[in-house]
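Undergrad: Pasting in a structure now, in structure tokens, and then I'll have a few things to ask.
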Amino acid sequence: MTQLGPVAWPPAPIRTERLVLREPEAGDRAAVIELLASPEVGTYLGGPRPRGELESEMPGVPSRRPGLFMVDLDGAMIGQITLTRETGHLRQAAGKAELGYLFLPEAWGRGYAAEACGAALDWFTGALPGEPVVLTTQTANVRSMRLAAKLGFIEVERYEAYGAAQWFGMWSPVTPDEGSR
């Protein structure tokens with residue numbers, strides 16, 4: 001996996017108590033279109049994408065790429081998580097892995113995002129020990145700010161971009177050696 005480093009992709013599905021993180025499948029297409037066309041999901045991302053545009057552009061199987069996990073609940077896709085190398089829109093983030101997440105509104109408020117993101121971060125720590133992960137969200141996105149704090153992201157800075165106040169945080173894994181000092 002060149003985008004994250006020397007990691008075999010895709011990994012085996014990651015199972016949590018309620019969820020499975022896995023590669024995209026053909027059956028995810030409708031849910032991915034729903035996710036990207038959702039006004040609620042698009043609120044802090046520049047707005048929803050037009051459904052017709054998504055229908056015509058999206059292949060039968062949503063894009064499979066290193067670092068993209070579909071979040072599956074009881075056989076249905078409810079969200080997606082990405083771990084990709086940050087290209088450097090912020091000096092502190094350049095070259096670091098960045099966590100992103102989108103969930104269907106009906107999945108909000110049930111702890112699925114925290115469970116899935118925690119599992120993805122655990123996988124990342126095992127795959128690339130000691131590497132930090134960054135996250136950016138609008139400060140107005142209160143749910144995302146709470147999730148970042150719950151996952152252990154520490155605020156590095158706030159800044160203005162895309163016409164809104166942004167929050168930039170970093171997460172650093174604790175290795176067993178570090179935890180015993």
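Just so it is clear, none of the values below were taken in a lab; they were calculated from the coordinates. Given the structure is predicted, the values throughout are model-derived calculations rather than measurements. Note: ideal-geometry Cβ built from the backbone for every residue, glycine included; neighbour counts use all protein chains shown.
Undergrad: Show the residues, 5+ positions off or on another chain, whose built amide H is closer than 5 Å to the amide H of residue 98.
TA: HN-HN under 5 Å from residue 98: 84, 85, 86, 134.
Undergrad: Going 7 Å from the Cα of residue 56 toward and past its Cβ, which residues in the range 2-37 have a backbone nitrogen under 19 Å from where you end up?
TA: What the label zone holds, given the 19 Å backbone N cut-off, is 30, 33-34, 36-37.
Undergrad: Calculate one ³J(HN,Hα) per residue across the range 14-31 by plugging θ = phi - 60° into the Karplus curve 6.51 cos²θ - 1.76 cosθ + 1.60, and present them in order as whole Hz with x for glycine and proline.
TA: For the range 14-31, the Karplus curve yields 9, 10, 10, 4, 10, 10, 10, 9, 8, 6, x, 10, 4, x, 8, 3, 4, 5 Hz.
Undergrad: For the chain, what is the mean residue ellipticity at 222 nm derived from helices alone (per DSSP H run of n ≥ 4: -39500 (n - 2.57); sum divided by total residues; nearest 500 deg cm²/dmol)?
TA: That calculation yields -7500 deg cm²/dmol at 222 nm.
Undergrad: By how many nm would the segment from residue 114 to residue 174 grow when fully extended, if each residue of separation counts as 0.36 nm and the alpha-carbon distance is taken off?
TA: That works out to 19.8 nm of additional length.
Undergrad: Continuing with the same structure: Compute the Cα gyration tensor for the chain, then decide on rounded, prolate or oblate, letting a ≥ b ≥ c be the square roots of its eigenvalues: rounded whenever a/c is under 1.5, prolate when a/b is larger than b/c in the other cases, and oblate in all that remain.
TA: In terms of gyration-tensor shape, oblate.
Undergrad: Taking amide H positions as placed 1.01 Å from N in the peptide plane, with prolines and chain starts having none, which residues 5 or more places from residue 68, or on another chain, fall under 5 Å of its amide H?
TA: The answer is 83.
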